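The values are calculated or read from the model by the stated rules, or taken from the named source; none is laboratory data. Everything numeric here is computed off the predicted structure, so don't read it as measured data. Every residue, glycine as well, gets a Cβ built from its backbone with ideal geometry; the counts of neighbours run over all protein chains shown. SASA here: full protein model, heavy atoms, side chains in, ligands and nucleic acids out. Shrake-Rupley method; radii C 1.70, N 1.55, O 1.52, S 1.80 Å.
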Amino acid sequence: MTTTAPPVNDRPGGPGGADERLLHASPLRKLLGRPELGSVVGAFAVFLFFSFVADSFLQLSSFGTVLYAASTIGIMAVPVALLMIGGEFDLSAGVMVTSSALVSSMFSFQMTANVWVGVLVSLLVTLAFGVFNGVMLTRTKLPSFIITLGTFLMLTGLNLGVTKLISDTVSTKSIGDMEGFPSARKLFASQLTVGGVELKVTILWWAGLVALATWILLRTRFGNWIFAVGGNADAARAVGVPVLKTKIALYMGVAFCAWIAGQHLLFSFDVVQSGEGVGNELIYIIAAVIGGCLITGGYGSAIGSAVGAFIFGMTSKGIVYAEWNPDWFKFFLGAMLLLATLLNAWVRKRAEATR
């Protein structure tokens, strides 16, 4: 089973007969057709590299730290990957995480309400950001780069301006002593011990989102719609795929995951800096691309985005364990992006050659 967008004529009921993803394929063809194959090879290479250059990298405590770093990126890389498979981008994803945390914190504090009220209000507001991106994209026909760049700039200004207006500082007031905070922290920012390793709850959120996204892509009609829209939106529309609704839903998925990440940010520290999140949107996109998603859409997987995020976690913490200058991190990230893109392109060509 491959995860490329099938030609319209090859879909069930089309002139070409059965969907090519349902045809019998050898194990080698299936392996070569997986979009995350290149990222898995890259992850193995990064793991071996830091295992040799950093003595503490293989410690169990280090493994928990690496997974946590990967999960904070992976939670957002999953919906960004689905959006890229659908042929679109979201440059506002990074600051949307901060916006979600700010809304939750300031609403709870200013209204002296239970923090769960702020959490639910934040969910509604953040989903509205996603709907705004999706509707603006589908109504104006402008590139998603332009639409979400505008949203990025507006949210960046709102985050800073509203926070300073209400709090007179660039950070929110502490809500750590408010009713509902302990239970909210348990859901969004707690940790558990498994086999002597301390794991953050974000790792469970991440794993659940990857499993859900994989099921959607490979086992549901909506997953077929995502691939079809990213592969050829006009052809997908011609065979009855609701292109506009699919893209709006994908942007709402990004917003929902931004809400989860934002609540983790808030309940980890009980205050939020209004300038956080800027630049993270590129890291989410990089994780998805390293994981096998094509810039042009129609190809990729949720599992690949998870591997890309794991590579990010290993690299960011591996440099620390190796006691290198952290300034080298961006160099390694850029190098991995280029290498992974080249490797993924080679894998895809081999997969197409074996069909």
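Here is how the numbers come out for the structure above:
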{"item": "Portion, in percent, of the accessible area of segment 83-231 that falls on carbon or sulfur, probe 1.4 Å", "result": "70"}
{"item": "Backbone HN-Hα couplings from phi across segment 248-261 [Karplus 6.51/-1.76/1.60, Hz, Gly and Pro as x]", "result": "5, 4, 5, 5, 5, x, 4, 5, 4, 5, 5, 5, 4, 5"}
{"item": "The chain: most fluctuating residue of LEU137, LEU294, LEU192 per GNM, C-alpha cutoff 10 Å", "result": "LEU192"}
{"item": "Karplus-derived 3J(HN,Hα), 6.51/-1.76/1.60, for each residue of segment 214-230, Hz, glycine and proline x", "result": "5, 4, 4, 5, 9, 10, 10, 5, 4, x, 4, 4, 4, 5, 5, 5, x"}
{"item": "Gyration tensor verdict on segment 234-355 (Cα atoms; rounded if a/c is under 1.5, prolate if a/b is larger than b/c, oblate otherwise)", "result": "oblate"}
{"item": "Relative contact order computed over the chain (Cα-Cα under 8 Å; 6+ residues apart), in percent", "result": "35"}
{"item": "Shape category assigned to the chain from the gyration tensor of Cα positions, a/c cut at 1.5", "result": "oblate"}
{"item": "Rounded Å value of the spacing that divides the Cα centres of segment 59-94 and segment 184-239", "result": "10"}
{"item": "The chain: Lys pairs at Cα distance under 26 angstrom, eight or more positions apart or on different chains", "result": "11"}
{"item": "Neighbourhood charge, 15 Å Cβ-Cβ cut-off, centred on ILE283 and excluding it, Lys, Arg +1 and Asp, Glu -1", "result": "-1"}
{"item": "Structure-based [θ]222 nm, the chain - -39500 (n - 2.57) summed over DSSP H runs of at least 4, per residue, nearest 500", "result": "-23000 deg cm²/dmol"}
